Amino acid sequence: MKNLGTVISFTIKEMLRRKSFIISTIIILVLIVIGFNIPNIMKLFANEETASGGEKLLIVDSENVFERTLESLNSMDLGYDVEVTNENLTIDTIKERINNDEIAEALLIEKVAENQYTVKYIVKNMAMMSGVPDNLINTLNSIYTNLQISKLGLTEEQIQSLTPNFEYSIEQAEEQEVNGNLGVMMILSLVLFYAIYFCAYQVSSSITTEKTSKIMETLVTSTTPKTIVMGKTIGIGIVGLVQICLIVLTALVSAKVFLEPGLLESVLDMTQMTPYLAIITIIYFILGYFAYALLYALTGSTVAKPEDIQSANTPVALLAVIGFYLAYFTMMNPTSSLNVFASMFPISSPFCMPFRIMMGIASTTDVIISIAILVVTILIIAKVAIKIYTNAILNYGTKMTFSDMVKIFKDKNN
């Protein structure tokens, strides 16, 4: 146990001294703070735009189609400083005013026939335009409709009867009720994948670096290969967990300090985030990390040179990506058999089961079975990784092949 603690302590100190770890953590924390300040930055630009009167929109209604009702647009929150004119301006004149920066945009309303009109939307360039803004289309349609209704002399009751008052609700055909916000689950799934994958990846890098720098010789003479593997895996896991906690804490503090009260809740429904879910998520993070970290320990021990580590880790990386996407895309249909399978399959269950719990469709039995399968998988991977690592630890020559690993594992003398 003392040797295990020594390896864990050594690994933690080594990780915390790495410039790449320090710089990446700082960059992530800075990006989180900036991200939560985006609404304030947008508000600042919006205030500047409002102070200067906003973008100037010219509306040319030379046929008086709207019968001088467009002046009401300035009282609406359209984001424009609207100028309405009934002058018979040509399109060339309008374009000249735009190019001279007198106005930003223009709407040219022309009558083609009875109850038939064309509206030309004129801008400086169409590089970032996909069409006429919907808010302008809907507003003009609404104003024109109200204008025509007022001409019909309808009573208040008749006008109200033109607008349907439907109450909409949603029902599902399946008996199993599904709760939770899909957006929240997808974001948290990405965070969980990042936490497990990138923390586990460090194990392979650490083992390969020490092996090629001959530090491993010193470690082997003072402790067992099993202690080294478990110590490095636990040590890097502790650092990764602390990093994730720091990121989550920074996000929570930033949300509290920089966002308006209730803004986050209005965008993301966090009502499903319970202490039970938090505990289960941490358990799956730890188990998922151990599964992938031990796989990376296995690949790291077979590498003879640091430059070979990328190719050696490719199979594990593909396995992690498959597991993540299996969980991620089956969230779209959480009651499907494929999603149930993803919550049990050990390469995808760390990314899937916490969110089945969040949706309220995972029973306690499902969780226990999923965790049991994951634990058994970890024990199997650990046994294989430690055995391969024990035989490959002082191999400074060529990279160990898959057939070599099979021979080592089958050899009862090893």
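The values are calculated or read from the model by the stated rules, or taken from the named source; none is laboratory data. What you see is a predicted model, and the numbers here were worked out from it, not measured in a lab. Every residue, glycine among them, receives a Cβ derived from its backbone with ideal geometry; neighbour counts consider all protein chains shown. Ligands, DNA and RNA are stripped out before the accessible areas are found, and what is left, the full protein with its side chains, is counted by its heavy atoms. Shrake-Rupley method; radii C 1.70, N 1.55, O 1.52, S 1.80 Å.
Go through region 92-139 and give me each residue that's exposed (fewer than 15 other Cβ atoms within 10 Å of the Cβ), more than 16 Å from Asn64 (Cα to Cα) and either at pLDDT 85 or above or among the acidic types (Asp, Glu) (or both).
Those that are exposed (fewer than 15 other Cβ atoms within 10 Å of the Cβ), more than 16 Å from Asn64 (Cα to Cα) and either at pLDDT 85 or above or among the acidic types (Asp, Glu) (or both): Asp92, Thr93, Lys95, Glu96, Asn99, Asn100, Asp101, Glu102, Val123, Asp134, Ile137, Asn138.
Kindly provide the set of residues from region 267-303 that are at pLDDT 80 or above and not hydrophobic (A, V, I, L, M, F, W, C), ordered by number.
First pass over region 267-303, keeping only residues at pLDDT 80 or above: 275-299.
Result: Pro275, Tyr276, Thr281, Tyr284, Gly288, Tyr289, Tyr292, Tyr296, Thr299.
Considering region 335-383 alone, what residues qualify as being part of a loop (DSSP other than H, G, I, E, B) and open to solvent by 50 Å² or more (accessible area, probe 1.4 Å)? Steps first, please.
Taking region 335-383 as the starting set, the residues that turn out to be part of a loop (DSSP other than H, G, I, E, B) are 335-336, 345-348, 359-363.
Phe345, Gly360, Ser363, listed by residue number.
I'd like to know if region 144-167 contains one or more residues that are of a type in the set (A, V, I, L, M) and modelled with pLDDT of 85 or more. Break it down into steps so the answer makes sense when it comes.
From region 144-167, those of a type in the set (A, V, I, L, M) are 147, 149, 152, 154, 159, 162; that's our starting set.
Add one more test, that the residue is modelled with pLDDT of 85 or more, and what stays is none.
No: zero hits.
Please state which of the following conditions Leu264 fails to meet, knowing it meets all the rest: (1) open to solvent by 20 Å² or more (accessible area, probe 1.4 Å); (2) at pLDDT 80 or above; (3) not polar (S, T, N, Q).
It is condition (2) that Leu264 fails.
Applying the selection to region 18-30, what residues are within 15 Å of Ile244 (Cα to Cα) and surrounded by 11 or more Cβ atoms within 10 Å (Cβ to Cβ)?
Phe21, Ile22, Ser24, Thr25, Ile28, Leu29, Val30
Restricting the first residue to region 90-112 and requiring it to be of a type in the set (Asp, Glu), which pairs with a second residue that is open to solvent by less than 60 Å² (accessible area, probe 1.4 Å) meet a Cβ separation below 6 Å and a spacing of at least six or different chains?
These pairs meet every condition: Glu105/Leu57; Glu105/Val123; Glu110/Thr118.
Taking region 68-91, which residues are part of a loop (DSSP other than H, G, I, E, B), open to solvent by less than 80 Å² (accessible area, probe 1.4 Å) and of a type outside the set (Val, Ile, Thr)?
Selection gives Met76, Leu78, Gly79, Asn86, Leu89.
From the list Ser336, Ser348, Ser370, which residue is at pLDDT 75 or above, of a type in the set (S, T, N, Q) and touching a Gly at 6+ places or on another chain (Cβ under 7 Å)?
Values: Ser336 fails: touching a Gly at 6+ places or on another chain (Cβ under 7 Å); Ser370 fails: touching a Gly at 6+ places or on another chain (Cβ under 7 Å).
Step by step, each of Ser336, Ser348, Ser370 is checked, and only Ser348 is at pLDDT 75 or above, of a type in the set (S, T, N, Q) and touching a Gly at 6+ places or on another chain (Cβ under 7 Å).
Would you mind telling me which numbered condition in (1) buried (at least 23 other Cβ atoms within 10 Å of the Cβ); (2) under 14 Å from Met186 (Cβ atoms) Met331 fails?
Met331 satisfies all of (1) buried (at least 23 other Cβ atoms within 10 Å of the Cβ); (2) under 14 Å from Met186 (Cβ atoms) except (1).
Restricting the search to region 200-218, which residues are of a type in the set (A, V, I, L, M, F, W, C), open to solvent by less than 30 Å² (accessible area, probe 1.4 Å) and either modelled with pLDDT under 65 or farther than 16 Å from Leu287 by Cα (or both)? First the steps, then the outcome.
Kept after step one, since they are of a type in the set (A, V, I, L, M, F, W, C), are these residues of region 200-218: 200, 203, 207, 215-216.
From what's left, open to solvent by less than 30 Å² (accessible area, probe 1.4 Å): 200, 203, 207, 216.
Ile207, Met216 - these are the residues of region 200-218 that are of a type in the set (A, V, I, L, M, F, W, C), open to solvent by less than 30 Å² (accessible area, probe 1.4 Å) and either modelled with pLDDT under 65 or farther than 16 Å from Leu287 by Cα (or both).
In region 89-115, what residues are closer than 24 Å to Asn141 by Cβ and more than 41 Å from the chain's Cα centre (by Cα)?
Those that are closer than 24 Å to Asn141 by Cβ and more than 41 Å from the chain's Cα centre (by Cα): Leu89, Ile91, Ile94, Leu108, Ile109, Glu110, Lys111, Val112, Ala113, Glu114, Asn115.
Among the residues in region 364-379, are any in contact with a Cys (Cβ under 8 Å, 6 or more places away or on another chain) and either among the acidic types (Asp, Glu) or without any contact (Cβ under 8 Å) to a residue 60 or more places away in the chain (or both)? Show your work before the answer.
Going residue by residue through region 364-379, those that are in contact with a Cys (Cβ under 8 Å, 6 or more places away or on another chain) are none.
So far as region 364-379 goes, no, none of its residues is in contact with a Cys (Cβ under 8 Å, 6 or more places away or on another chain) and either among the acidic types (Asp, Glu) or without any contact (Cβ under 8 Å) to a residue 60 or more places away in the chain (or both).
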